[in-house]
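Please treat every number below as a calculation from the coordinates, not as lab data. Note that this is a predicted model, so its numbers are computed, not measured. Note that we place each Cβ from the backbone using ideal geometry, even for glycine, and neighbour counts take in every protein chain shown.
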Amino acid sequence: MADRALSLSAAGLAAALFALLLAPLVALGLSFDGLTLGAAEAAALRFTLWQAMLSALISVGLAVPVARALARRRFRGRGVLISTLGAPFILPVIVAVLGLLAVFGRAGWVNSSLGALGLPEFTIYGLQGVVLAHVFFNMPLAVRMVLQGWQAIPAERFRLAQSLGFSPADTLRHLEWPMLRAVLPGAALVIFVICLTSFAVALTLGGGPRATTIELAIYQALRFDFDLPTAARLALLQFALCAAAYLLATRLTLPSSFGAGQGRAGGPPAPGGWRRGVDAVAIALAGLFIALPLLAVVLAGLPGLGDLPVQVWQAAGRSLAVAGASTALCISAALLLALAAARGRGWPALAATLPLAASSLVLGTGLFLLLQPYVRPSSLALPVTVVINAALALPFAFRILAPEARSLYSDYNRLSRSLGMTPWARARWVVLPRLSRPLGFAAGLVAALSMGDLGVIALFAGEAEATLPLLVQRLMGAYRMETAASAALLLVALSFALFWAFDQWGRRHAAI
Amino acid sequence: MNRLFPAAALALLTTAAQAQTPVLNVLTYDSFTSEWGPGPAIETAFEAVCACDLVFSAVGDGAELLARVQLEGAKSEASVVLGLDTNLTAQAAATGLFAPHGQTGGNDLPVPFDDPIFLPYDWGYFAFVYDNTKLATPPTSFEALAASDLKIVIQDPRSSTPGLGLLLWVKAAYGDRAPEIWAALADNILTVTPGWSEAYGMFTAGEADMVLSYTTSPAYHLIAEEDAGKSAAAFDEGHYMQVEVAGKLAAAPQPELADQFLAFMATDAFQSVIPTTNWMYPAHMPEAGLPEGFAQMITPAKALLLSADEAQAARKNALDEWLTALSR
């Protein structure tokens, strides 16, 4: 009974999501004649695919040793470091770019050090810069996902492996590799699709029009050429690429189930010797790579933090409200879809992946056209932003919840049934305790992402509805770069505080 | 329908409650109406004379503004659109959504400017801004810039109005030689940003030697920050102008108020706010003249400006040349 209700509501939700994503394309006048690409569009497509692939593979490749080191070592500041891993991902793009430039730019810390040592300069502008920035944003996210995979292997399995005299290589083959096959394709998919729609990072760090992505072509079509069908066509292309990547990732994913454990956290054994040194280096390098640009953001923003104009605080309050509402909406939807996906169906995962490829400009413009006949768009600025933020953050929440929901189902479903637990008791005693860690992490990420998102509010907001990211942009537009840096720091601090609070809640309530 | 859209009903009610005070809706770009832009002071001044409620609604920038006008079409609540520049007005006029302004009385632009549909409210010259404490002798032309090893940040003409302005600057100054100039500049271009803010932010962070902005940008640093360290480089070819204009929508819900607002644009109450909020030159010189500090700005030897039709005609070709030169 409960299963049926769950499936039905998940199906309704998935249908609503598809409608939300595709109706704007129709509103823009999507037509299927002339689906061929021009030379410039083909070049943009090639660059888009190439940088997204590199970014995904490098992010995931680097995440594995870092996550393993974090899973098996205990050290002072480990908790802080794991929380900080969420920070790059939630930085507003322009803030992150300026932070990266303070470290890796022409006048940055790295080049000053290289210059002092008489070494040649490193130039960030080009494909390497685009990939570097995307790895900065996404590698920490991948670390968290893989780390979660390691923590999901029951401690009993590692103990059993130890008592059977497994070498580290045996452990890798029998326990860790299956887990990686279950987690990595999904993580790589998410990062690949995020990078598909990159625009400001790709252009600014790519060093010029060589680094044109499809999203920029959409921007141009919508803003300068007012060619709505072209924008819709390119947005559809992004969805098609996303769906193809999804199918590929699904084929590569091995379902893993280690069976139920007693839910004790233990992590893999921590081998000594040279492996200890390798782990230390991995953690130190990743820590520096993440912390230095963040430090630059803090240093830029600190001086003006004391005298921020009052509008900044009002906008901050509005942003917090939007983030709270988006989070509640998004987490409910993600949990529903994850529980439905755990029963072995494919469509919830696809529905929860497509929003990644949505161009927020296309989404916003399409919704504007759809709503305008009935209502003043500016009166809906905040509700629309809540819904769009929730939809755009759904893929992350889903990815974080899905693996654990799946093992929860396969490990405990039969037991719960045989005990005749009511759905409510099941939610209270089985689902929530098991899922609270990923729920907290997902909620934190969604809240922080909703704080930082700008794409849609800019299309709808009038004077009175400005959120904090929009205000940062307005300050920059008015030459107030320092005040903008301080407002951006406030944004980052608030986003991070939200993220941290949810994440801590999840970790505290994790499996009693 | 209203059961489906309670917000629509709510909006109708609010409109009815305010019916005694007519509302003039002006669609503009974001930095015009922000707390630090001209919007708030102009709103106060106009409401003191119009017995109306002036409401600005804002979108990102000039290019987005035109897209928004086209999106809203004849259903727009706005009566006036403020903030297009002359590189976009031909396209704007072609939509047929604008009505002639009917205003007489000229303007103080350095070049003759008379358009039946669009009225200028401010203007400026594009220029490369640099830090005069680091760069003692700035280049004096595009060719000198190309021969130097200075690094510049520019904006993408596909997403930004200053970026489009630069494209037409090179075209107006060099005509058929434009591709050659772009090819020579390629190694000076550190990077291309989506909009003005990112580029200017990178420049003030010390990442680039020069940034494409306006001859009046140093006035902001001088007046608001008391920092004389920024200057604009004067180029011998002349400087391309940006003329910012407003127009009345043909389907304006408040045509009389729109006319009143367009006439108000030429008065001191509007114009005297422009220099230190929009950091541009007023289209009608206020009686009190320009604020102190503007006198130190460079005056280009030659003002370049393509007419709206020329700009429209040159754009596609110039963009292809730019892409070809910089994509190599």
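Here are the numbers for this structure:
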{"read-out": "Positive-end extreme of charge dipole, chain B - chosen from B:S160, B:P291, B:I223 (charges on Cβ)", "value": "B:S160"}
{"read-out": "³J(HN,Hα), Karplus 6.51/-1.76/1.60, whole Hz, each residue of the range B:232-244, x for Gly, Pro", "value": "9, 7, 7, 9, 5, 5, x, 10, 6, 9, 10, 10, 9"}
{"read-out": "Rounded FRET efficiency, nearest 0.05, which uses the C-beta distance separating A:T250 from A:V26 and R0 of 25 Å", "value": "0.40"}
{"read-out": "Nonlocal amide H pairs with B:A246, under 5 Å, H built at 1.01 Å", "value": "B:G83, B:L119, B:Y121"}
{"read-out": "Residues of the range B:171-202 with amide N under 17 Å of a point placed 7 Å along Cα→Cβ from B:E225", "value": "B:196-202"}
{"read-out": "Virtual spin-label span in nm between A:L164 and B:A144, 7 Å along Cα→Cβ", "value": "7.7"}
{"read-out": "Kyte-Doolittle at least -0.5, axis length at least 20 Å by Cα - qualifying DSSP helices, chain A", "value": "A:2-27, A:39-72, A:127-152, A:177-196, A:228-252, A:274-301, A:310-342, A:381-418, A:432-452, A:481-508"}
{"read-out": "Cβ-derived FRET efficiency at R0 30 Å, B:V111 paired with B:K316, nearest 0.05", "value": "0.80"}
{"read-out": "Selected from B:A74, B:A295, B:A318 as most flexible by GNM, with chain B as the system and alpha-carbon contacts under 10 Å", "value": "B:A295"}
{"read-out": "Rounded tilt (10° steps) of B:39-50 against the dominant C-alpha axis of chain B", "value": "40"}
{"read-out": "Amide H partners (placed H, <5 Å) of B:I298, local residues excluded", "value": "B:A232"}
{"read-out": "Where only C-alpha atoms are counted, convex hull volume of the protein assembly as shown per residue in Å³", "value": "167"}
{"read-out": "Size of electric dipole in the protein assembly as shown: Cβ of Lys, Arg +1 and of Asp, Glu -1, about Cα centre, debye, nearest 20", "value": "6060"}
{"read-out": "Calculated over the range A:143-211: convex hull of Cα atoms, volume per residue (Å³)", "value": "105"}
{"read-out": "Dipole magnitude of chain B about its Cα centre (Cβ charges: Lys, Arg +1; Asp, Glu -1), debye to nearest 20", "value": "740"}
{"read-out": "Distance between modelled label sites at A:L119 and B:A295, nm, 7 Å Cα→Cβ extension", "value": "5.3"}
{"read-out": "Share of Cα-Cα pairs in the range B:172-263 lying beyond 20 Å, as whole percent", "value": "59"}
{"read-out": "Charged-residue dipole, Cβ positions (Lys, Arg, Asp, Glu), the range B:119-259 about Cα centre, Debye nearest 20", "value": "220"}
{"read-out": "Phi to ³J(HN,Hα) by Karplus 6.51 cos²θ - 1.76 cosθ + 1.60 over the range B:75-89, Hz, x for Gly, Pro", "value": "7, 4, 7, 6, 9, 10, 10, 10, x, 6, 10, 5, 6, 10, 5"}
{"read-out": "Centroid-to-centroid separation of the range A:171-187 and the range B:230-309 [C-alpha atoms, Å]", "value": "63"}
{"read-out": "MRE, 222 nm, helices only [DSSP H, n ≥ 4, -39500 (n - 2.57), over the protein assembly as shown, to nearest 500]", "value": "-19000 deg cm²/dmol"}
{"read-out": "Sorted by Cβ density within 10 Å, fewest first, the residues B:C50, A:C242", "value": "B:C50, A:C242"}
{"read-out": "Dipole of chain A, positive end: most advanced residue of A:L401, A:V310, A:V322 [Cβ charges, Cα centre]", "value": "A:L401"}
{"read-out": "q = 0.27, 0.31 Å⁻¹, the range A:337-381: log10 I(q)/I(0) [Debye, one scatterer per Cα]", "value": "-0.87, -1.01"}
{"read-out": "The range A:22-70 versus the range A:92-118: alpha-carbon centroid distance in Å", "value": "27"}
{"read-out": "Degrees separating the helix B:255-264 axis from the principal Cα axis of chain B, which is the longest one", "value": "40"}
{"read-out": "Exposure proxy ranking, count of Cβ atoms within 10 Å, fewest first, for A:H509, B:H221", "value": "A:H509, B:H221"}
{"read-out": "Label-point separation, A:W429 to B:E256 (7 Å along Cα→Cβ), nm", "value": "7.6"}
{"read-out": "Integer Hz, Karplus 6.51/-1.76/1.60 couplings in order for the range B:108-116, x for Gly and Pro", "value": "9, 5, x, 10, x, 9, 8, 10, x"}
{"read-out": "Rounded to 5, the percent of DSSP beta bridges in chain B classed as antiparallel", "value": "60"}
{"read-out": "Under 5 Å, built H, 5+ apart or other chain: amide partners of B:V211", "value": "B:V129, B:V153"}
{"read-out": "Computed E for A:S112/B:D236 - FRET, C-beta separation, R0 35 angstrom, nearest 0.05", "value": "0.50"}
{"read-out": "Leading residue at positive end of dipole, the range B:97-165 (Cβ point charges), from B:G124, B:L97, B:V111", "value": "B:G124"}
{"read-out": "Partners for B:K171 among lysines (Cα-Cα distance below 23 Å; same-chain residues under 8 apart left out)", "value": "B:K151, B:K302, B:K316"}
